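These notes concern the structure reproduced below.
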Amino acid sequence: MSASDRTPSLPTDPEEKGSRSDENGQPLDARLPGSAGAGWLAALVLVAQRPLVGVLTAALTLTLACVAAVLLRGSHSLVLRPARRRGGWAVVAMLVVVAGMGLAAALQVESLQSGPVKGLAADSATVGVRLQIDSDPSVRRSPGSRRPPYVVVRATIEEVRSRGIVTRVRTPVFVVGSTSWQQVRYGQHVDANGRLEFVESGSDVGAMLSIRSPPRIVDEPPWWLRAAERVRAGLRRAVASQPDDVRGLVPALVMGDESGLSADLDEDFKTTGLTHLSAVSGTNLTLLLAFVLPLARLLGVRARGLTAVGLLTVVVFVMLARPQPSVLRAAAMGLIALAAMTSGGAGRRAVRSLSVAVIALLLLDMSLARSAGFALSVLATAGIVLLGPGWRDALAKWLPVWLAEAISCPLAAQLACTPVVAWLSGEVSLIAVVANLLAGAAVGPATILGFTAAGVALVSTAAAQLVGWAAGWPARWIILIARGGAALPGAANAWPATAIGVAVLTLLCLALVIGLHRILARPIAMVLAVVLLAVVVLRPVGSFGWPPGDWLFVACDVGQGDGLVLRAGERAAVVVDTGPDPAVMDRCLRDLGVSYIPVVVLSHFHADHVGGLAGVLKGRRVDEIEVTPYFSPPAEYERVVDLASQHRISVRTVTYHEKRVVGSLSWTTLWPARVPALPPPGSKSSATSTDEGSPENNASIAMMVELSGLRIFLTGDLEPESQRAVLASGADLRADVLKVPHHGSAQQDPAFLAATNARLALISAGRDNDYGHPAPRTLNLLSHQSTRTATTSTAGALTVTNPNNHLTLTTTHPAP
């Protein structure tokens, strides 16, 4: 069949003109999609309400549905056009679905509130419990906190013991425990004692369970889960000798095991829109089936045999990835998307199947209505089902069919998901479609070889390592696409994650949906669009005027934190602090064209100053990391040391009054002259905070920089105690530019600020931060000194230049 034979024809029925049609020209029935949308909206609202609200909603909507049905039944004697009658029945269907959601919400909320767990949580009671483990344990850290790492795992309380009473229940909870909880396994039963904590309405768990003691294992998981774990472990052994990125990616592709993925590779996957490959997603399963089924067809499998092969692949996938709700949801969405792209005339069936799947999944678990993962799965599948076939046929007018399908599928999915992704990340990826197109061809081989390696590992470790080595090569290609794509200047662009910002982006996406079909069908229009996109990606529009070519000092817009860059030569810079987010700091350095960093200075170890270190080290030559002698908080200090060790970078401690020269800049360290004594290892806190700040802040590195005729005073998070000590040391604090201490907090010594006599004061703080930075008191102090002040929270990245000895400030966007 030619491409023109597959092009959708316009409806000829006068009452159906303008309706959506599938690829065979048949109008798509909007009743089920409308009902699914109405049910989703109802679930979104009702899941956070009391059970009575759900019951009343169900009663009211069911009554209205009955009344409407009776009126429509009697309308045969009236002059009603068929289209209006169909619209009336569509409304009845929506009301029935909403009634079902009301009852389901009432039952789910009641089940979470029934039994003693909810009441005990309200009292923060200490209880004994028997738990069934419902997920793999996840290790978490609190950025900037002295709290040690902890473990989070989902579980179901099957038995609760309190005040001598034992009650059998089935209440889902989040368990927060010590690192000893890393040993628990999915499907096990454990006994423990802990404290129940209340959770807000609308959550899919009944309480939070905080446990300090180690778990007491009662039994092992079922045999089939143990068998799946042996396969998972075999795959990890099969790729153990591969490079770190490959060792982490192959298990993620095969079974959604992301535990081995590095933070920076995960960030690159997010930037390039490839996250679905490293997580349990419908798209990943679709690509796997799209590889397995043609292979089975080549081997002579036909008809029902193909169906059996597909179902067996899904079952194996679900078992290896664990039969959790997200995995089952991914399996359902993947099968629907595959049916839409591989079966002739499947568009109508796929739309109905997707609508029924949405309704059924919401009825089974109402909390999905508020799940970002559920929204992304549904939207991606809907894009593939509704937009993919038409866009494929438009492209197939001048491209090979296989290439048209390869482009239309990720394009449709990405466009449908763009508003939600922007809401979650505050970014819009401009290379996601290209990245998916280039990486997609390698996903099938990497996954199939990974599955094979996992199976072979049960028989022979040596043979499995050989297959794992082969699986590593397509995985390397995927990693290359993610790394290279994320390194492009315009790979991802910031977008306001607000209601107005997302609404505007949604309208833009709808406009693209309306007009894109015409562009895809015309080769010249497509070439022009691709060229325009390439220009935007390689040289983003927002960066044409920034940074200026003669930049000297930049306070990157890293949010609530410090990320400072001092020019040290062509494509070289000294970085002082790295902000909290690796991706943001990496983007700032890419925009500045920095590829070589002789020294990274970390003023102190709070996460808003060191959290972005991985982004600084990403793809750049870094010679040395210089740190404060106060190694606290310990968790952040250890993270910095680990990162430096991984990249083979030396870490040295700064010394008081030392002088350094790097390229065209030099600096003198003015603080710390002394630091508090660190407590013994294993103690709960590093030191006692005073009324004038934490010891970490007061041990910040302060440095006077001289660069191209400018004196720039960088002060970390020094607070009044250390500010007065620096002032008393007799050092010359006069500066042209002052980086205001501690993000412009109110804790400033007026004499210290006055001694700098700065012409320009820069403050790095996050938009709408919870700390009130910069404080009005500090802004007033600077104003009374006639010091010009600029803040990243309102002006974006702040860039200092000094053309002809004329101090100049450039910002990425003007202050409101």
query: Which one is modelled with the lowest pLDDT, of the residues in the stretch 140-170 that are within 17 Å of Pro214 (Cα to Cα) and open to solvent by less than 70 Å² (accessible area, probe 1.4 Å)?
result: Pro149
message: On the basis of being touching a strand residue (DSSP E or B) at 6+ places or on another chain (Cβ under 6 Å) and either over 23 Å from Val726 (Cα atoms) or touching a residue at least 24 places away in the same chain (Cβ under 8 Å) (or both), does Ser793 make the cut?
response: no
- prompt: Which residue, of Met94, Met1, is within 28 Å of Ile514 (Cα to Cα), of a type outside the set (Ser, Thr, Tyr), within 44 Å of the chain's Cα centre (by Cα) and at pLDDT 80 or above?
  reply: Met94
task: Please find, within the stretch 205-224, the residue that is surrounded by the fewest Cβ atoms within 10 Å (Cβ to Cβ) out of those that are outside any loop (DSSP other than H, G, I, E, B) and free of Cβ contacts under 8 Å to residues at least 60 places away in the same chain.
output: Trp223
- request: Give the residue that is farthest from Ala432 (Cα to Cα), with candidates limited to residues of the stretch 460-518 that are of a type in the set (Ser, Thr, Tyr) and within 23 Å of the chain's Cα centre (by Cα).
  value: Thr498
- prompt: Looking at Asp608, Asp577, Asp591, which is the one that is farther than 21 Å from Leu265 by Cβ, touching a helix residue (DSSP H, G or I) at 6+ places or on another chain (Cβ under 9 Å) and at pLDDT below 90?
  reply: Asp591
query: For the stretch 569-580, which residues satisfy the criterion of being of a type outside the set (Ser, Thr, Tyr) and buried (at least 22 other Cβ atoms within 10 Å of the Cβ)?
result: Ala573, Val574, Val575, Val576, Asp577, Gly579, Pro580
message: Of the residues Asp268, Asp257, only one is touching a residue at least 24 places away in the same chain (Cβ under 8 Å), part of a loop (DSSP other than H, G, I, E, B) and either within 22 Å of Ala331 (Cα to Cα) or open to solvent by less than 20 Å² (accessible area, probe 1.4 Å) (or both); which?
response: Asp257
query: Could we say that Leu480 is at pLDDT 85 or above and either within 24 Å of Arg230 (Cα to Cα) or open to solvent by 60 Å² or more (accessible area, probe 1.4 Å) (or both) here?
result: yes
- prompt: Name the pairs: first residue in the stretch 35-57 and touching a residue at least 40 places away in the same chain (Cβ under 8 Å), second residue part of a loop (DSSP other than H, G, I, E, B), Cβ to Cβ under 7 Å, at least 6 apart or on different chains?
  reply: Val47/Gly202; Ala48/Ser201; Ala48/Gly202
- prompt: Got a number for residues in the stretch 637-656 being in contact with a Pro (Cβ under 9 Å, 6 or more places away or on another chain) and open to solvent by less than 60 Å² (accessible area, probe 1.4 Å)?
  reply: 2
statement: Scanning the stretch 734-772 for residues that are in a helix (DSSP H, G or I) and aliphatic (A, V, I, L, M) gives Ala751, Leu753, Ala754, Ala755
message: Anything in the stretch 260-275 that is touching a Gly at 6+ places or on another chain (Cβ under 8 Å) and of a type outside the set (A, V, I, L, M)? List them, or say none.
response: Gly260, Ser262, Asp264, Glu267, Asp268, Thr271, Thr272
message: Which count do you get for residues in the stretch 720-733 that are open to solvent by 10 Å² or more (accessible area, probe 1.4 Å), touching a residue at least 24 places away in the same chain (Cβ under 8 Å) and not in a helix (DSSP H, G or I)?
response: 3
- request: Starting from the stretch 746-767, take each residue that is over 15 Å from Leu733 (Cα atoms) and list its partners that are surrounded by 18 or more Cβ atoms within 10 Å (Cβ to Cβ) and basic (Lys, Arg), counting only C-beta distances under 7 angstrom and pairs at least six apart or across chains.
  value: Leu762/Lys739
Any chance Leu552 is among the hydrophobic types (A, V, I, L, M, F, W, C) and within 27 Å of the chain's Cα centre (by Cα): no
- line: Of those in the stretch 422-453 that are of a type in the set (Ser, Thr, Tyr) and open to solvent by 40 Å² or more (accessible area, probe 1.4 Å), the residue nearest to the chain's Cα centre (by Cα) is Ser425
task: Could you list, in sequence order, all residues of the stretch 358-381 that are open to solvent by 20 Å² or more (accessible area, probe 1.4 Å) and assigned to a helix (DSSP H, G or I)?
output: Ile359, Ala360, Leu361, Leu363, Leu364, Arg370, Ala372, Gly373, Leu376, Ser377, Leu379
query: Residues Thr801, Thr811: which one is at pLDDT 90 or above, farther than 24 Å from Gln748 by Cα and open to solvent by less than 70 Å² (accessible area, probe 1.4 Å)?
result: Thr801
- prompt: If you take the residues in the stretch 291-330 that are in contact with a helix residue (DSSP H, G or I) (Cβ under 7 Å, 6 or more places away or on another chain) and not aliphatic (A, V, I, L, M), which one is most open to solvent (accessible area, probe 1.4 Å)?
  reply: Arg297
- request: Kindly check whether there is at least one residue in the stretch 296-310 that is at pLDDT below 75 and outside any helix (DSSP H, G or I).
  value: yes
- line: Every listed condition ((1) of a type in the set (Gly, Ala, Ser); (2) at pLDDT 90 or above; (3) part of a loop (DSSP other than H, G, I, E, B)) holds for Gly202 save (2)
message: Any residue at all in the stretch 182-197 that's open to solvent by 40 Å² or more (accessible area, probe 1.4 Å) and among the hydrophobic types (A, V, I, L, M, F, W, C)?
response: no
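The values are calculated or read from the model by the stated rules, or taken from the named source; none is laboratory data. This structure is a prediction, so every number in the text was calculated from the model and none was measured. When we count neighbours, we look across all protein chains shown, and the Cβ atoms used for this are built from the backbone with ideal geometry, even at glycine. What goes into the accessible areas is simple: the full protein's heavy atoms, side chains included, and nothing from ligands, DNA or RNA. Shrake-Rupley method; radii C 1.70, N 1.55, O 1.52, S 1.80 Å.
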